[in-house]
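The values are calculated or read from the model by the stated rules, or taken from the named source; none is laboratory data. Every value quoted in this text rests on a predicted model; they were computed, and no experiment measured them. Cβ placement follows ideal geometry from the backbone for every residue including glycine, while neighbour counts extend to all protein chains displayed. Keep in mind that these areas ignore ligands, DNA and RNA; they rest on the heavy atoms of the full protein, side chains included. Shrake-Rupley method; radii C 1.70, N 1.55, O 1.52, S 1.80 Å.
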Amino acid sequence: MKESGHYYAKDGTAVFEVPNKSKGGMRPTTLRDAKSMGLYASVTTIMKVLAAPELDRWKQQQVLLASLTLPRHEGETDEDYCSRIMEDAFKQVDEAADLGTQIHKALEFHFQGQSYDPAMEVYVAPVKEWAEKHKVKFLQHELRLVNTEVGYAGTTDALIEVNGVLHILDYKSRKTKPEYEIKPWSKEPMQIAAYAKVAGAPRGVNLYISTTEAGRIGDAWYDEATLDKEYNTFTHVCAIWQAVNNYTPPK
């Protein structure tokens, strides 16, 4: 499974990779690089210091499903079999992440008036209807945000206006089941709050796009009081990340 931290420069430039001096080419940016270059960790990187019960449970389910469907080779050791199960399970996790990236890109292209992969229309169409229903006005896409005072950065999907009020919009692709309501995971309002604080948006919304039920979406709207509370919590999480990693970005 892909696990890497994301970092940004003070001006909002993404520094996800740096030159690999020993082997040539590029490699993922590390915490050591961030310290030497004075970079800011992304909101999602910082929130990894917290438990993610919903995500962890989903990962565990993928491992269990892989163990039920992956046949064992004759003479294969327990260790080798477990390794293949883990590899197969997290291949599915990576594939889900890749599909989420494609959906995000298609939505960005559509709302900027650009063409996108027709295969993504099943995911884009319900979002079009949602935007029309709520009279959403898109102001900026893939907005880079840096908070030099608290010490974090990140990229949100869009800054929008609804009924004259600024909102942070963040898309989430989600595997859903008909019998379950689509609800925010525990850290998602906090992510919105961190972005909203920098952008000066008093409200926010997560829009969930199902990858298992064609055409199904769900939304979660956050008011000022909710985002204020979530932002206060995030500042403490940020302080914990900085303490654990012995790194406070330059102010």
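Only one entry of Y171, Y123, Y152 meets the criterion of being more than 20 Å from Q191 (Cβ to Cβ) and crowded, with 19+ Cβ neighbours inside 10 Å, and that entry is Y123. Residues that are open to solvent by 40 Å² or more (accessible area, probe 1.4 Å) and among the hydrophobic types (A, V, I, L, M, F, W, C) were ranked within the range 133-149; the one that is farthest from P249 (Cα to Cα) is F138. Against the conditions (1) touching a residue at least 12 places away in the same chain (Cβ under 8 Å); (2) assigned to a helix (DSSP H, G or I); (3) within 30 Å of M86 (Cα to Cα), D56 satisfies every one except (1). Per the conditions (1) surrounded by fewer than 12 Cβ atoms within 10 Å (Cβ to Cβ); (2) at pLDDT below 95, the sole criterion not satisfied by L99 is (1). Considering the range 102-120, and only residues there that are within 28 Å of Y8 (Cβ to Cβ) and hydrophobic (A, V, I, L, M, F, W, C), the residue that is surrounded by the fewest Cβ atoms within 10 Å (Cβ to Cβ) turns out to be F109. When A153, A125 are checked against the criterion of being closer than 17 Å to T44 by Cβ, among the small types (G, A, S) and either at pLDDT 95 or above or touching a helix residue (DSSP H, G or I) at 6+ places or on another chain (Cβ under 7 Å) (or both), A153 stands alone in meeting it. In the range 129-148, the residues that are outside any strand (DSSP E or B) reach residues that are loosely packed, with under 13 Cβ neighbours inside 10 Å with C-beta atoms within less than 7 angstrom, at least six apart or across chains, in these pairs: T148/K251. If you scan the range 45-64, which residues turn out to be surrounded by 13 or more Cβ atoms within 10 Å (Cβ to Cβ) and farther than 15 Å from V150 by Cβ? Those that are surrounded by 13 or more Cβ atoms within 10 Å (Cβ to Cβ) and farther than 15 Å from V150 by Cβ: K48, L50, A52, E54, L55, W58, K59, Q62, V63.
Hey, could you check the range 32-46 for residues that are out of contact with any helix residue (DSSP H, G or I) (no Cβ under 9 Å at 6 or more places or on another chain) and not in a loop (DSSP other than H, G, I, E, B) and say which is nearest to I192 (Cα to Cα)? Top of the filtered list is S42. Filtering the range 67-85 to residues that are open to solvent by 90 Å² or more (accessible area, probe 1.4 Å) and in a helix (DSSP H, G or I) leaves L68, T69, D78, E79. Residue pairs whose Cβ atoms lie under 8 Å apart, separated by 6 or more positions or on different chains, with the first residue in the range 9-31 and closer than 15 Å to G154 by Cβ and the second outside any loop (DSSP other than H, G, I, E, B) and open to solvent by 80 Å² or more (accessible area, probe 1.4 Å), are A9/M37; G12/R144; T13/R144; A14/R144; V15/M37; T29/E17.
Across the range 202-248, the qualifying residues are those that are of a type in the set (A, V, I, L, M, F, W, C) and more than 28 Å from L107 (Cα to Cα), and the one among them that is most open to solvent (accessible area, probe 1.4 Å) is V244.
Figure legend. Inter-residue proximity from the range 70-86: first residues under 20 Å from K59 (Cβ atoms), second residues open to solvent by less than 60 Å² (accessible area, probe 1.4 Å) and not in a helix (DSSP H, G or I), beta-carbon distance below 7 Å, spacing 6+ or different chains. Indicated pairs: R84/L70; I85/L70. Using the structure shown, decide if I240 is within 27 Å of Q102 (Cβ to Cβ) and not charged (D, E, K, R). No, not satisfied. Scanning the range 202-222 for residues that are in a strand (DSSP E or B), under 13 Å from I103 (Cα atoms) and either touching a helix residue (DSSP H, G or I) at 6+ places or on another chain (Cβ under 8 Å) or in contact (Cβ under 8 Å) with a residue 40 or more places away in the chain (or both) turns up L207, I209, I217.
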